[in-house]
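The values are calculated or read from the model by the stated rules, or taken from the named source; none is laboratory data. Please read all numbers here as calculations on a predicted model, not as lab measurements. So basically every Cβ, Gly included, is an ideal-geometry build from the backbone, and we count neighbours across all protein chains shown. Surface accessibility is based on the protein's heavy atoms, side chains included, excluding ligands, DNA and RNA. Shrake-Rupley method; radii C 1.70, N 1.55, O 1.52, S 1.80 Å.
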Amino acid sequence: MNILTVQDLVVQTPTARLVDGVSFSVRAGRTLGLVGESGSGKSVTCLSVLGLPPRGVQVSEGRILFDGEDLRAQTPAQLNALRGREIGMILQDPMTSLNPLLTIGRQITEMFRYRDGIASRAERRARAIDLLRRVRIPAPESRLDSYPHQFSGGMRQRVAIAINLACNPRLLIADEPTTALDITVRLQILDLLRGVQSERGTAIVLVTHDLHLVRRYCDDVAVMYAGRIVEQGPVEAVFARPRHPYTKGLLGAVPRLRDLQHRLTVIPGQPPQPGSIAQGCRFAPRCPRAQADCASTYPAMRALDSQRSVACWHPEPSAAASDSLLAATTS
Ligand SMILES: Nc1ncnc2c1ncn2[C@@H]1O[C@H](COP(=O)(O)OP(=O)(O)OP(=O)(O)O)[C@@H](O)[C@H]1O
Ligand code: SF4
Ligand SMILES: [Mg+2]
């Protein structure tokens, strides 16, 4: 069953389309990795799904279905009630997902009251302390009564994660949830999220620049370029045989990524700015496979098989053995 279905989503400013016809879905208990260079529209997509598009930005077309219900048709109050209860969020800027006016203890214990109906204040506090300990916040007893602004960026991110662990949502939008954390803590926290996911069958959208994490935690992957998804499918299949030249470029960059925080800028050239986009394939100026027809008409997403699709006129051959790429991302 699909928990989240996004269909033909368009998100724009008055002058530019930031997200231009994006479609994907996530089933219960599955994790979709959303990847792509900086500025490709990952965060705008996530924020739009949550009904929180950035200032000056608006969802103009498309459907966003949560459990079959159209989120675009919900009132702000209804959306607010869903967010943080049925729909969890760990955002790139953790302040966006925290309430600045409530202590973090309050934000966590409210979940226990709402979700689990725990009447005892002492028990709720004890559980909150346990959660803060699980996300590796030092001296959690003394931090419960602090406000979000009293935490550093990395600690705030952990607080947001703790709240989402308490919330145990049906859908979790996690936009680079662990970038501020070192690799050991990062893996511990993703394992915690996976534990919650298996308990409730949470559908997760995980945005990350770290393709190693995609390989380890995601079932499916959607590759974004300049506001569109250019390739989509099961992680195993896409990583083993990328069909879009851009995906191939991203994966080819992996072995050289000594530092996992490194931004994916290894493909020569720059993506186009929103608003300056020509009609043909947006990747054409950087594409080693580009031919004359690529620049004239945009290649729509088309199915390669029942699970995979690609937006390219001249995709990489299906049998192009990319075993070296596979090995590189497994290590
Ligand atoms: N409030 C805004 N007003 C106008 N343009 C915006 C706004 N927020 C984002 N954009 C633009 O939308 C595009 C997509 O941005 P977005 O933040 O979604 O990228 P991203 O894929 O999340 O990148 P990163 O990997 O760096 O987080 C970018 O070109 C960005 O400059
Ligand atoms: S459509 Fe053409 S330019 Fe675009 S990715 Fe495919 S081959 Fe490259
Ligand atoms: Mg982002």
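The residues S318, S48, sorted by heavy-atom accessible surface at 1.4 Å with ligands and nucleic acids left out, run S318, S48 from largest to smallest. Projecting the Cα atoms of V221, Q92, Q270 onto the dipole axis of the chain, where Lys and Arg carry +1 and Asp and Glu carry -1 at the beta carbon, places Q92 farthest toward the positive end. Computed in the context of the full set of protein chains, the accessible area of segment 127-217 at 1.4 Å probe radius has 49% of its extent on carbon or sulfur.
For the chain, a crude dipole built from +1 on the beta carbon of Lys and Arg and -1 on the beta carbon of Asp and Glu, taken about the Cα centre, is about 500 debye to the nearest 20.
Expressed as an acute angle from 0 to 90° and rounded to the nearest 10, what is the orientation of the C-alpha long axis of helix 104-116 relative to the principal long axis of the chain? The two axes meet at around 90 degrees.
Rounded to 0.05, the FRET efficiency of the R125 and A300 pair, given R0 = 56 Å and the Cβ-Cβ distance, is 0.55. Ordering S23, V35, N2 by Cα displacement along the dipole of segment 1-57 toward the positive end leaves N2 in first place; charges were set at the Cβ atoms of Lys, Arg (+1) and Asp, Glu (-1). Taking the Cα centre of segment 6-90 as the origin and placing charges on Cβ (Lys, Arg +1; Asp, Glu -1), which of P54, V11, L71 is farthest toward the positive end of the dipole? Result: P54, furthest along the dipole toward the positive end.
About the centre of its Cα atoms, segment 9-68 shows a dipole size close to 100 debye [charges on the beta carbon of Lys, Arg (+1) and Asp, Glu (-1) only; nearest 20 debye].
About the centre of its Cα atoms, segment 1-110 shows a dipole size close to 140 debye [charges on the beta carbon of Lys, Arg (+1) and Asp, Glu (-1) only; nearest 20 debye]. Computed with a 1.4 Å probe on the full set of protein chains, the accessible area for D293 sits at about 70 Å².
Coordinate range of the alpha-carbon atoms in the chain per principal axis, descending: 68, 44, 35 Å. What's the angle, to the nearest 10 degrees (0 to 90), between helix 121-134's Cα axis and the longest principal axis of the chain? Tilt relative to the chain: about 40 degrees. Projected label points at T96 and R72, each 7 Å from Cα along the beta carbon direction, are separated by 1.9 nanometres.
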